[in-house]
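See below for the structure under consideration.
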Amino acid sequence: MQHVLIIAGSDPSGGAGVQADLTTLKDFGVPAIFSITALTAQNDEKVLQIHPTPADVLTQQLSAACEGKEIGATKIGMIANAANVMVLVWFLGIHKFPQIVIDPILHSSSGVPLLEKRAFDIFRRQLLPLATVITPNLSEAETFVGSRIYNLEGQKTAAQKIYEEIHAYREGKMPERPLAIIVKGGHLKGEAVDVLYDGREIKEFGAPRVPGRSPRGTGCRFSSAIAAGLTKEEPLIEAVGAAKEYLSNYIRSPHHG
């Protein structure tokens, strides 16, 4: 069976990062390999320390993890610094995996930066164009488009703007490679609606909001669940629908208040 390659930070509390990704892939019955971009000291309340993996060590992790494995998709979460963004640009440029899901993690839930400022331009212009699916939350989408998002229409507009920007960065180098933007609406009021734009049409994925529940790591799990579906060669719409349902069940679980 094809594997999902997870590339993300390590969270010692298990709430997010690689730990959340591996749990999700296990739930979907998809084998995983992984490389850790940063060691963190964090929990549900705060981030105490971030220690990026040295670029040469990350390179060796990736090479060792992938040796002899068939990769159906890779999921990228926290990257931490510019050196590791460049490692991923180089590595993905060589391997050309069929599906690359990027959860563009810029800040922690508590607002601590998880990608250094000087890395953002390289991340935006060189790494994101390699993706087939990008899953920003509202705050991340606002950073990309440079304006606030207040409602569903704003989500749709943002998804289209991000798509157009990333598509332009490709500069004709990857004309056949698909691209989809999913702007997550979990932080808006009312029903939790995620908006997908693939350059042709907009799809909405709604779920009733669970009052009083906002566990960490939902973005990690959502993007990993999409990667799991794509690895099983499900159409993107089906993979996103299954990921949305999985996440709703996770949030409703009594273990995640």
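The values are calculated or read from the model by the stated rules, or taken from the named source; none is laboratory data. Please read these numbers as outputs of a predicted model, since none were measured by experiment. All Cβ positions, glycine included, derive from the backbone under ideal geometry; neighbour counts span all protein chains shown.
Some points to look at:
- Residue in region 91-101 that is modelled with pLDDT of 95 or more and part of a loop (DSSP other than H, G, I, E, B) present: yes
- When Asp103 is tested against (1) of a type outside the set (Val, Ile, Thr); (2) touching a helix residue (DSSP H, G or I) at 6+ places or on another chain (Cβ under 9 Å); (3) under 25 Å from His51 (Cα atoms); (4) without any contact (Cβ under 8 Å) to a residue 60 or more places away in the chain, exactly one condition is not met: (4).
- Here region 6-58 is the region considered, the condition is being of a type in the set (D, E, K, R) and under 16 Å from Cys220 (Cβ atoms), and the residue that is farthest from the chain's Cα centre (by Cα) is Asp44.
Per-residue answers, yes or no, for (1) under 22 Å from Gln19 (Cβ atoms); (2) of a type in the set (Ser, Thr, Tyr); (3) surrounded by fewer than 17 Cβ atoms within 10 Å (Cβ to Cβ):
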residue: Leu48; (1), (2), (3): yes, no, yes
residue: His51; (1), (2), (3): yes, no, yes
residue: Ala65; (1), (2), (3): yes, no, no
residue: Ala80; (1), (2), (3): yes, no, no
residue: Gly93; (1), (2), (3): no, no, yes
